[in-house]
1. Any idea how far the Cα center of segment 102-180 sits from the one of segment 27-87, in Å?
2. Which ³J(HN,Hα) values in Hz, rounded to whole numbers, follow from the phi angles of segment 149-166 under the Karplus curve 6.51 cos²θ - 1.76 cosθ + 1.60, where θ = phi - 60° and Gly and Pro get x?
3. Going by amide H atoms built from the backbone, whose H comes under 5 Å of the H on residue 107, apart from near neighbours?
4. Extending each Cα 7 Å along its Cβ direction at residue 80 and residue 126, get the distance between those two points in nm, one decimal.
5. Quote the convex hull volume per residue of the chain, based on C-alpha atoms, as a whole number of Å³.
6. When only DSSP loop residues count, what GluC sites (Glu not before Pro) in segment 118-155 have their Cβ near at most 12 other Cβ atoms within 10 Å?
7. Return the long-range amide H neighbours of residue 30 (sequence gap of 5 or more, or a different chain), with a cut-off of under 5 Å between placed amide H atoms.
8. List the residues of segment 146-180 whose backbone N lies under 11 Å from a point placed 7 Å from the Cα of residue 24 along the Cα-to-Cβ direction.
Amino acid sequence: MKVVAIVGMAGSGKSEVSRLFEKAGFTRIRFGDVTDDELRKLGQELNEENERRVRELLREEHGMAAYAKLNLPRIDVALASSDVVVDGLYSWEEYTFLKEHYNNDLLLVAVWAAPKTRYARLNGRRERNLTPEEAAGRDRVEIENLHKGGPIAVADYVIVNESSLEDLREQTKKTIARIR
């Protein structure tokens, strides 16, 4: 069984790629569910400010590999019956934690789009939308504080999402076929 972790900057298309893996039979584990669950426990609204604060608190408590550690039981349970796609790996430390645990059964798929493209998508979202300024700030935090560039740089596969949704779907189908 394989664990395929999807990595990319906000607005690159990670969730769409993850959903396509799920449609292909992978069990989808969204790392961000940990943040959402924590906010619900605290009775707080799901928004960028609260999410960022909770992500930082969880990483203070559990280290930079927090999301990999906190989701490991879910991944292991899912692997008993299917391949797994992880939606939203962030940090280098999450990657190295999972790589040590799953070794060659872990593959990284980077989804890439230019900042201008991503910022336009994020600004147009119905949920969790960000202004271009907020998106640029999030990019800086993810690169400088979360060490997100490393996993993107060492990805086993790269999907460039600068065109149509249909093109993204076609590239993803080809990537799934190559992995299998």
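1. Each part's Cα centre sits 18 Å from the other's.
2. Residue by residue, segment 149-166 yields x, x, x, 5, 5, 9, 4, 6, 9, 10, 10, 8, 10, 10, 10, 8, 4, 4 Hz.
3. 3, 4, 5
4. For residue 80 paired with residue 126, the spin-label model returns 3.6 nm.
5. Convex hull of Cα atoms, per residue: 112 Å³.
6. Here the GluC sites (Glu not before Pro) that fit, given the DSSP loop and packing criteria, are 127.
7. For residue 30, whose amide H was placed from the backbone, the distant partners under 5 Å are 87.
8. 169-180
Where a number appears in this text, it was derived from the coordinates with a stated rule and is not lab data. Values in this document were obtained by computation on a predicted structure and should not be read as measured data. Virtual Cβ from ideal backbone geometry, glycine too; neighbours counted across all protein chains shown.
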